[in-house]
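Enquirer: After the structure tokens below, expect a handful of questions from me.
Just so it is clear, none of the values below were taken in a lab; they were calculated from the coordinates. Quick caveat: nothing in here was measured; it's all calculated off a predicted structure. Glycine gets a Cβ as well: all are built from the backbone with ideal geometry, and neighbour counts include every protein chain shown.
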Amino acid sequence: MKDSITKMAETKVSKLMLSMGIPMIISMVLQAFYNIVDSAFVSNMKEDGEAAINALTLAFPVQMLMVAVSIGTGVGMNALLAKSLGSGDGERAAKVAGNAEFLGMIIYIICLLFGIFGAGAYINGQTGNSEIAAMGTDYLKICCTMSFGIVFFSIFEKMLQASGLSLYSTVAQILGAVINIILDPVMIYGLLGMPEMGVKGAAYATVIGQIVSFAAALLFHVKHNKAVKNSPEYIKPSAGIIKGIYSIGFPAIIAQALMSVMTYGLNIILVRVDESLVTAYGLYYKIQQFILFAAFGLRDAITPIVSFSHGMKNKERVNDGIKYGIRYTLIIMAVGLTVLEIFSVPLADIFGLSAETKKLCVSAIRIISISFIFAGLNIAYQGIFQALDSGIQSLVISVMRQLVFVLPLAYVFSLFVNQSLDNAWLIWLTFPIAEGVSAFAAFIFMKKIRTIHNS
């Protein structure tokens, strides 16, 4: 316990941000890898590859929503746990961890019921293509009914991170990703004596990888996380602690959930123009997640570092956490922007796309990635807001950047694209505009919050 707590309290913030952030970045990039590896393999199936990608794109918002609720709960627990450890309250820390485990059980039950009773209706509400609907329903049912892996991995991952043990969470994530990569071609194409399962195989490979990550994270927590006491008595729900978790985590849930709402809404807008737009945007979205999720990983280092320092009432370390968090996030996004601009065509070539869909995908990569610098600022600010008990400001920025501007602008621009797919770049402009305006609002919020905390 002493080692991890001393590390959080005494290590130079710039160094601590990197030592904690790099494993978290790797972990989140691997999470993005889960989201794209299925698409890469199904796109190269012997038959119906592009239809299969479309099916996965339609299912993706619900997958994001499951992850949103799980990670958001973990983020709330992470900040509250780090703050409790920073103030030296080990008993409260144990109760925070136990209540997060209780919430994980509730989340999984909801996902299970949706998988059984709601997956088909959800997919059919987005497409009239029976082939795409059948594949999307099969994929989503498996991902929902076996979602306990991703739900509980999200909880234990954040538990390890809050205690300064982010390396173990990264190892757990890597194990699951490797299993997913190995099983995808085996189960999709029917290799090594396995039956050819197509889209269903992609789903099974994904959930098995998630279960492996959860099992590893649980083992690491029990064996190495001495900062948090483990006992069934701590799982007993406490209204006060659950409220504390979600007062911090709810904005994070909304931030991630709005990605689902935004993608669902865009799917509906784009499919009315042309199905190839849905496929192009879906693939771009998964490609760009490698960059955005890297920023999310650093954000997940910013939050416990700033929150721990806030619990210590150390203003200097809080300010250093803010400074280096923003600086490092901008570096990540600048590198990501450069990479996507240079390699847009090779990235689109990974998938078995028609010439028209590939052209649309490359256009999306080159235009939407312009928004990365603004998006990086927004992501860093949201992590800081959560750590400084300013969840409402984080929520407002999420709503602005993923809902208020995106869907109305995309709808208006889609009216021009209806006339010609050559105008598709107009829809992609939605994202730089939304992120830029939101970043300006986040900057204003940050100035006010820093004035309060430095007074």
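Enquirer: Segment 173-239 to segment 23-86: how many Å between their Cα centroids?
Expert: Result: 13 Å between the Cα centres.
Enquirer: Normalised by the number of residues in the chain, what is the relative contact order in percent for Cα pairs under 8 Å and 6+ residues apart?
Expert: 24
Enquirer: Taking DSSP loops as anything outside H, G, I, E and B, show the longest stretch in the chain free of trypsin sites (Lys or Arg not before Pro) there with at most 12 other beta carbons within 10 Å. Don't skip to the answer; put the middle values down first.
Expert: On the way: sites that count: K12, K46, K313.
The longest such stretch corresponds to 47-312.
Enquirer: Given Cα positions, please report Rg to Rh for the chain, the hydrodynamic radius being the Kirkwood one.
Expert: Details: Rg = 21.2 Å, Rh = 22.0 Å.
In the chain, Rg relative to Rh is 0.96.
Enquirer: Report the FRET efficiency, 1/(1 + (r/R0)^6), for I444 and A134, where r is their Cβ-Cβ distance and R0 is 41 Å, rounded to 0.05.
Expert: Here the calculated transfer efficiency is 0.25.
Enquirer: Excluding residues on the same chain fewer than 8 positions from K12, give the lysines whose Cα lies under 25 Å from its Cα.
Expert: The reachable lysines, counting only those whose Cα sits under 25 Å from K12, are K2, K83, K158, K226, K313, K315, K323, K447.
Enquirer: Let me know the charge dipole size of segment 12-454 about its Cα centre in debye, to the nearest 20, where only the beta-carbon of Lys, Arg (+1) and Asp, Glu (-1) is charged. If you can, show how the numbers build up before the last one.
Expert: Details: 29 positive and 24 negative charges, 391 e Å.
That gives a dipole near 1880 debye.
Enquirer: Let me ask another. Could you give the longest part of the chain that holds none of the GluC sites (Glu not before Pro) found in DSSP loops with at most 14 neighbouring Cβ atoms within 10 Å? Mind dumping the intermediate values first?
Expert: On the way: sites that count: E47, E196.
Within the chain, the longest run free of exposed GluC sites (Glu not before Pro) spans 197-455.
Enquirer: Once label points are set 7 Å from the Cα along Cα→Cβ at both S231 and S19, what is their separation, rounded to one decimal in nm?
Expert: According to this spin-label approximation, the distance is 3.1 nm.
Enquirer: Would you calculate a helix-derived [θ] at 222 nm for the chain, using -39,500 (n - 2.57) for each DSSP H run of n ≥ 4 and dividing by the full residue count, to the nearest 500?
Expert: Working: 19 runs with 377 residues, N = 455.
So the calculated ellipticity at 222 nm is -28500 deg cm²/dmol.
Enquirer: Compute the distance from the alpha-carbon center of segment 134-149 to that of segment 393-426, in whole Å.
Expert: If we compute the Cα centre of each part, the gap is 29 Å.
Enquirer: A follow-up question, please. What are the lysines whose alpha-carbon lies under 17 Å from the alpha-carbon of K236, with same-chain residues fewer than 8 places away excluded?
Expert: The qualifying lysines are K95.
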